[in-house]
Amino acid sequence: MTSTDAEMVPPKKEVNSQAAILKAAIEEFAERGVEGARIESVARKAKFNKSLIYRYFTDKHGLFEAALQSKLEERNENVEKIPVKIEEVLQFYFEENLRDQNYVRVLLNEAQQNEGAPLIDEPWRRDYYQKHINRLKQSQAEGTISDEFDPVSLMLIFTALVFFPATLPQLAQLISGHSVDSEEFKAIWKDCLTAITKLLQSGE
């Protein structure tokens with residue numbers, strides 16, 4: 001596709017081409033980080049001319065913002081599919097993070113690259129997490145989780161629990177003796193999440 005072709009992309013094809021570019025960008029940023037990523041590599045993976053990427057996203061930073069937003073929106077679409085029981089919610093996100101390693105790596109790259117600048121889509125992302133905090137408040141109101149715990153602190157604890165194996169798999173393996181994607185580790189972590197949830201429910 002030439003730069004002239006890029007000027008003539010029909011609306012439907014434009015949506016499809018953007019999706020292909022974002023998918024390739026996620027892979028590139030997950031593998032190389034923002035600094036190491038190359039637009040040429042993204043174009044090659046997406047099978048489009050790099051001039052089309054610049055047309056849609058202006059520069060590499062704009063592409064990273066769009067790529068991260070696409071992953072966050074994908075996660076947000078799954079909110080309604082989340083189980084009701086807290087232990088099942090934790091297990092759901094633990095397995096989702098293992099399944100979607102690119103999402104985890106992109107978040108890690110964002111953390112490494114950010115030097116105090118405003119976060120990408122911060123208001124929208126805060127709202128995303130607020131939905132989960134509200135679910136915790138509802139569980140406390142229903143008596144399924146002790147109200148001794150601050151819901152925001154609980155959200156931080158739960159986030160740490162579901163991200164740890166995916167973000168530091170080598171430490172999880174060294175500690176447990178099992179690869180994080182093995183059935184042995186999944187059973188260990190599921191039992192751990194269940195036990196912690198019971199403690200939170202009883203308030204012990």
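In the stretch 21-40, the residues that are without any contact (Cβ under 8 Å) to a residue 24 or more places away in the chain and surrounded by fewer than 18 Cβ atoms within 10 Å (Cβ to Cβ) form Cβ pairs under 8 Å with partners that are of a type in the set (D, E, K, R) and part of a loop (DSSP other than H, G, I, E, B), at six or more places apart or across chains, as follows: R32/R38. Has the stretch 195-202 got at least one residue that is surrounded by 14 or more Cβ atoms within 10 Å (Cβ to Cβ), in a helix (DSSP H, G or I) and basic (K, R)? Looking through the stretch 195-202, none of the residues is surrounded by 14 or more Cβ atoms within 10 Å (Cβ to Cβ), in a helix (DSSP H, G or I) and basic (K, R). I need the full set of residues from the stretch 145-172 which are buried (at least 16 other Cβ atoms within 10 Å of the Cβ) and polar (S, T, N, Q), in order please. The answer is T167, and nothing else. Among the listed residues E27, E31, which satisfies the condition of being touching a Lys or Arg at 6+ places or on another chain (Cβ under 7 Å), within 19 Å of N109 (Cα to Cα) and at pLDDT 65 or above? Of E27, E31, the one residue that is touching a Lys or Arg at 6+ places or on another chain (Cβ under 7 Å), within 19 Å of N109 (Cα to Cα) and at pLDDT 65 or above is E27.
Let's see how each residue does on (1) of a type in the set (V, I, T); (2) in contact (Cβ under 8 Å) with a residue 40 or more places away in the chain; (3) in a helix (DSSP H, G or I):
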residue: L154; (1), (2), (3): no, yes, yes
residue: I157; (1), (2), (3): yes, no, yes
residue: A160; (1), (2), (3): no, no, yes
residue: L171; (1), (2), (3): no, no, yes
residue: S179; (1), (2), (3): no, no, no
residue: K190; (1), (2), (3): no, yes, yes
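Selection over the stretch 59-109 of residues that are among the acidic types (D, E), in a helix (DSSP H, G or I) and either modelled with pLDDT of 90 or more or over 10 Å from the mean Cα position of the chain (by Cα) (or both) gives a count of 6. Contact map, the stretch 113-132: first residue touching a residue at least 12 places away in the same chain (Cβ under 8 Å), second residue among the hydroxyl-bearing types (S, T, Y), Cβ cut-off under 9 Å, separation 6 or more or different chains; pairs are Y129/T159; H132/T159.
Screening S179 against (1) surrounded by 13 or more Cβ atoms within 10 Å (Cβ to Cβ); (2) modelled with pLDDT under 95 leaves a single unmet condition, (2). Hey, does the stretch 76-92 have a residue that's farther than 26 Å from D191 by Cβ and buried (at least 17 other Cβ atoms within 10 Å of the Cβ)? So far as the stretch 76-92 goes, no, none of its residues is farther than 26 Å from D191 by Cβ and buried (at least 17 other Cβ atoms within 10 Å of the Cβ).
The values are calculated or read from the model by the stated rules, or taken from the named source; none is laboratory data. Here the structure is a predicted model, which is why all the values come from computation and not from measurement. Glycine also receives a Cβ, built like all others from the backbone with ideal geometry; neighbour counts cover every protein chain displayed.
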